[in-house]
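Scroll down for the structure; my scribbles are underneath it.
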Amino acid sequence: MKEPIDNFSEQSKLYSKYRPVYPNELYRKILQHVKHTERCWDCATGNGQVASALVQHFDQVFATDISKEQLSNAEKDDDIEYSIQRAEKTSFRDNSFDCITVAQAAHWFDLSAFASEVQRVAKKRAILAIWGYGLLRFDDATDNIINTFYHDVVGPYWDEERRHLDHEYETIRFDFEEVLNSKEFSIKKQWTLPQLKGFLNTWSAVQHYKRDNNNQNPVDEVIQHLGVFWDDDEIKEVRFPLYLKIWRV
């Protein structure tokens, strides 16, 4: 089993503030495939965004993450039980969950070991739903600058696992029964340039770049380029394409 990757503890507060919120339509699509709503495991919960959404539909949600810092910023609820645990090896009992979710994190896992753990803790005919979002999109001029930043500036600093998102999660496969592979959803936000700057600073590749370059922040330069035609108080629509896959366990 490979060592867990924790790229988000250092900027957990920033991550909690700027990471996109998933649309309600996404949850409705997942719930269409859920047969029972007693217990859900939200794996790699991060700031607890998904757990907080799902607790409205399940009797109890168990949310895990390897980052103590992330969990300290998670949204609290009496029916959400948070714990620090690896995705691939938990303390949960066999046959525990009706639904298992992973948002924007499955690409970091040891997928073979995670599949074995899912098989162990899932109830019969439970579902596994994973999703992630791709590179953000604005307009042609903005996208050209962001694409250059993503591929050429911080590109060498992305972890190898990032390829799964670049391939729209088509490279993530399990031996379970696949019941959905959807790209119909997206996250849409209205952002100012400072908000985009905050989001870019959550990128793990930016943190890696800073560590290797005397703490120089590459985001400052890309924001300077964008500022030529984007005023700080101007609002632009941003879209994140979502990749959702669901299996029956």
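The values are calculated or read from the model by the stated rules, or taken from the named source; none is laboratory data. None of the values given here were measured: they were computed from a predicted structure. Ideal geometry is used to build each Cβ from the backbone, glycine not excepted, and the neighbour counts take in all protein chains shown.
Among the conditions (1) modelled with pLDDT of 70 or more; (2) closer than 23 Å to K89 by Cα, V34 misses just one, which is (2).
Under the condition of being over 22 Å from E117 (Cα atoms) and either among the hydrophobic types (A, V, I, L, M, F, W, C) or in contact with a helix residue (DSSP H, G or I) (Cβ under 9 Å, 6 or more places away or on another chain) (or both), the residues counted in region 44-54 number 3. Put simply, of A106, A115 the only residue that is within 30 Å of V238 (Cα to Cα), of a type outside the set (D, E) and in contact (Cβ under 8 Å) with a residue 60 or more places away in the chain is A106.
Take F174 and decide whether it is over 18 Å from V238 (Cβ atoms) and touching a Phe, Trp or Tyr at 6+ places or on another chain (Cβ under 6 Å). Walk me through how you get there before you give the answer.
Values: over 18 Å from V238 (Cβ atoms): yes; touching a Phe, Trp or Tyr at 6+ places or on another chain (Cβ under 6 Å): yes.
Yes: the conditions hold for F174.
Elements of the type helices (runs of 4 or more DSSP H) sitting completely within region 150-228 and holding at least 2 residues that are touching a residue at least 60 places away in the same chain (Cβ under 8 Å): these cover 193-200, 204-212, 219-226. When Q70 is tested against (1) modelled with pLDDT of 95 or more; (2) assigned to a helix (DSSP H, G or I); (3) crowded, with 22+ Cβ neighbours inside 10 Å, just one condition goes unmet, and that condition is (1).
Considering every residue within region 174-185, establish whether at least one is farther than 23 Å from I100 by Cα and either polar (S, T, N, Q) or in contact with an Asp or Glu (Cβ under 9 Å, 6 or more places away or on another chain) (or both). Don't jump to the end; show me each part of the working.
At the first step, the residues of region 174-185 found to be farther than 23 Å from I100 by Cα are none.
No: region 174-185 contains no residue that is farther than 23 Å from I100 by Cα and either polar (S, T, N, Q) or in contact with an Asp or Glu (Cβ under 9 Å, 6 or more places away or on another chain) (or both).
The numbered conditions (1) free of Cβ contacts under 8 Å to residues at least 24 places away in the same chain; (2) part of a loop (DSSP other than H, G, I, E, B); (3) of a type outside the set (V, I, T) are all true for E81 except (2).
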